[in-house]
Amino acid sequence: MVESRAMRSPRESEPTRQQDLGVAQLGWLAAAVFVVSAGYGALMPLIPDWLRPLMGDADPATLARHVGYLSGIYTAGILLGAPLWGMLADRLGRARVLLVGLIGYVASLLPLLRPEALGVVGIYALRGATGFFVAAVVPVVPALVAQYTPESIRARRFAWLGAMSLLGFLFGPGLNAAAERLVGLGFLSVLVQGSSTTLVIALSAALGALMMLGLAATLPAPSSRGEADAADHDGAPRSRSLALWILNGVVMFVLAGFELGIVLQGQRHPDLSSREVSLMFAECSLVMLGVNAVLFFTGLLERADPRRVLACGMVLGIAGLLMLARHGSEMWLYVGVSFTAAGTGLVLPTLAYLAAGTSARRLGIAMGGLAAAAGLGQTLGSAATGWLFGAVMQSTFVWLSIPLAATLALLLIPRHWWPANPVLVSASPSRTFLTSTETEP
């Protein structure tokens, strides 16, 4: 036992790395997620205002196509950037990559203050660059939270991150409304030349710069031994990470198609006003926010079998989509939106939580893969739904339920393909026995 203690003494003499995040550190990380989500929600409605002066007498259909293409180029930036930034984060340090991402995010917004100097091609390049740098924030923040959070409270923190992202999307359009009022103030009107668009871009860039400064001051210093401790377990096999990526892509495919389907249904049904479509989107966000709140306050993911949680989410999503496809009244339309939002809102944080159980050496890659799969799923889901709605109209929602039904079948594959709940694993008798024998004096 003396020899054992002597062997451990060099390890004990090393500087101890931070084991948990402080309140300020966690707050700045969550705020970074909020800011990039709010920036997306605030800037998307401004795209027509950038394009209109540059495209002269372009008809509304051409303008609408370019709006769609710019949305796609942003998603493509995330799709390309997420796995790259995740890999670099594991090798160079997650805090460094996160700061680089925020610097790039701010730098890609500032030139939009003068869109006439950029031209249409320049706007395309900058939207792609914004997506590319946002991809350094989206996977790296949860990787940092997973790295420094005890397993017993990890699920609650992931639910909180999800809630902050949803709040950001809800806050983004509100930022536009606030800018229109602020621009009426004398000194601000002169500063932004009477343009609320300029003010929104400036506020988005300023918030990004504030996040950069706050994180630079509070993020934990990287360990001298790299992001992963030498004693880290190997985590989930790569086949399990691949399964999580596939599931995330499938769910985002369905979610993107579901959201676009609501918009297209509003355009095809004269009795469904734009106000009601907006209410459905607000309902969707609020239901998903409520699901995250339930996960946060109950700690469900820390105690439940993840496959059952995923299956429950799939069943809710399928039920909601079938209601949307066969609804006979407006009330059932709202119920279908609620069920679909609740199902996807339950599955997505569960997948992120399971991915956080990956070895610390591969956390960045795991989270980057999730973000890339989400981007690919969104892109394909929007394209497929646009085509399907033109062919089968409301029955598109039935077709969207098929990937979720296939995923339910996928849950029946052998259990060893699925990541076990890390909290349940750490509390297993064998793990407890090993811990007690290793620490025995």
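All of the numbers you see were taken from the coordinates with simple rules; none came from a lab. Keep in mind the model is a prediction, meaning the values are calculated, not measured. Glycine gets a Cβ as well: all are built from the backbone with ideal geometry, and neighbour counts include every protein chain shown.
Can you sort 199, 63 so the residue with the fewest Cβ neighbours within 10 Å comes first? Walk me through the numbers before you get to the answer.
Working: 199 23, 63 15.
In increasing order of surrounding Cβ atoms, one gets 63, 199.
Full-extension gain between residue 116 and residue 57, please, as 0.36 nm times their residue separation minus the C-alpha to C-alpha distance.
19.7 nm
Mind sorting 85, 245 by how few other Cβ atoms lie within 10 Å of their own Cβ, fewest first? List each step's numbers first, then the result.
Numbers: 85 33, 245 23.
So the residues, fewest neighbours to most, are 245, 85.
I need 395, 71 ordered by Cβ neighbour count within 10 Å, fewest first. Intermediate results must be reported in sequence, preceding the final value.
Values: 395 13, 71 18.
Listed from fewest to most nearby Cβ atoms, that is 395, 71.
Among rounded, prolate and oblate, which fits region 22-221 when a ≥ b ≥ c are the square roots of the eigenvalues of its C-alpha gyration tensor, a/c under 1.5 means rounded, and a/b larger than b/c means prolate?
Because a/c hits 1.5 or more and a/b exceeds b/c, region 22-221 counts as prolate.
Once the other residues with Cβ under 12 Å from the Cβ of residue 337 are scored (Lys, Arg +1; Asp, Glu -1), what is the net sum?
Charge balance near residue 337 sits at -4.
Return the whole-Å distance between the Cα centroid of region 107-131 and the Cα centroid of region 145-176.
First find each Cα centre; the distance between them is then 28 Å.
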